[in-house]
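Novice: Handing you a structure now.
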Amino acid sequence: MSRSFSNSWTTRSSWCRARWRSLLETLGHYRLLEPIGSDRLGEAFRARDTLHGRTVAVRLVGAHIAGDADQRAHLVATARALSALSHPSIAGLYEVAEDAGQLFLACEFVAGETLRQVIAGGALHPRRAIACAAQVADALAEAHAQGIVHGALGPDQIVLTPKGTAKLLDVGLSRWTTGGEPGTAEDDLRTLGATLLEMITGKPAAPGHGPGGGPRTARNQPALPGGLERVVARLMGQEPARYESAAVLAAELRAVVTTLDAKSAAMPLAPAPTVSEPRPPGVWLLIALIVSVAIALAGWAIWRR
């Protein structure tokens, strides 16, 4: 869970602080440190896990979910399934628990900036964007293998850590965080294509839909690096052949990176400009002496005649 996700959630600081105080700053073995945001699932806090000695994000499940028997049961079952996911590019969910009548989720706290914030500063270098997309594809492959889809993938749900790792937030929780249906694995890949395009161009995919139902690319977008245009077109449904899995996509993205690296290495270096080295002062003195001697000898020869 990123410190910066409050920018993509609706922050209700005063309400969160009041709720924070009412909980006496603790839930089980978690000491709540500060409110960091909220969404449809509920409020979130940066917290200290006093049992394991780590910083976490604690998400308080709202009464509209916790008080509904069906939604509560579904969320608890989903959270337990998510806690079994382990991947370096997925923000982990440690546990779902209840204390003092409050249902909550304890999640990994991810330091860094959301991809939305990074893109706001300008488009990413193509190689960095492709490498990021490959990490996300790896994470999706792991989730999809467990029958879990993200359901709401986009720049707000991807955090870039200070070490350069892409981390997916809210995997499998879209039903509660956005209120929408979770969708399919194919939907995850399509939205990853749109996100990759936005990383490289700095702009969202153009409104409208391609032949396969995904957003279409802009007509005036910059040319994409070799091999990438076809990858994006396949992801966004503009080519009949779809990717059979996120794992296949990740492998193809890495192949594009390899191609870009090979082309970069093959580019000839510009020749260095030729610069005449300055002669040391002694050389000029020697030349002057030789010229003077030659002139003197010539004059002496003329005088002898």
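Novice: Amide H neighbours of G37 under 5 Å, at least 5 residues apart or on other chains, H built in the peptide plane: list them.
Specialist: A44
Novice: So which trypsin sites (Lys or Arg not before Pro) in segment 96-163 pass both tests, a DSSP loop state and at most 10 other Cβ atoms within 10 Å of the Cβ? Before the final figure, lay out each step's value.
Specialist: Details: sites: R116, R127, R128, K163; in loops: K163.
Those satisfying the criteria are K163.
Novice: Now for a different question. Kindly put L235, L33 in sequence by how many other C-beta atoms sit within 10 Å of each C-beta, fewest to most. All intermediate terms of the calculation are to be shown ahead of the outcome.
Specialist: Details: L235 27, L33 16.
With the sparsest Cβ surroundings first, the list reads L33, L235.
Novice: What full-extension length gain, to one decimal in nm, is calculated for R54 and D261 as 0.36 nm per residue of separation minus the Cα-Cα distance?
Specialist: Stretched fully, the R54-D261 segment lengthens by 70.7 nm.
Novice: Take L197, L228 and order them by how many other Cβ atoms sit within 10 Å, fewest up front.
Specialist: L228, L197
Novice: When all alpha-carbon pairs of segment 113-264 are counted, what percent fall beyond 23 Å?
Specialist: 31 percent
Novice: Still on this model: I'd like the Karplus ³J(HN,Hα) series for segment 143-160: coefficients 6.51, -1.76, 1.60, θ = phi - 60°, whole numbers in Hz, and an x wherever there's a Gly or Pro.
Specialist: 5, 4, 5, 9, x, 10, 10, 6, x, 8, 5, x, x, 7, 9, 10, 10, 9
All of the numbers you see were taken from the coordinates with simple rules; none came from a lab. None of the values given here were measured: they were computed from a predicted structure. Note that we place each Cβ from the backbone using ideal geometry, even for glycine, and neighbour counts take in every protein chain shown.
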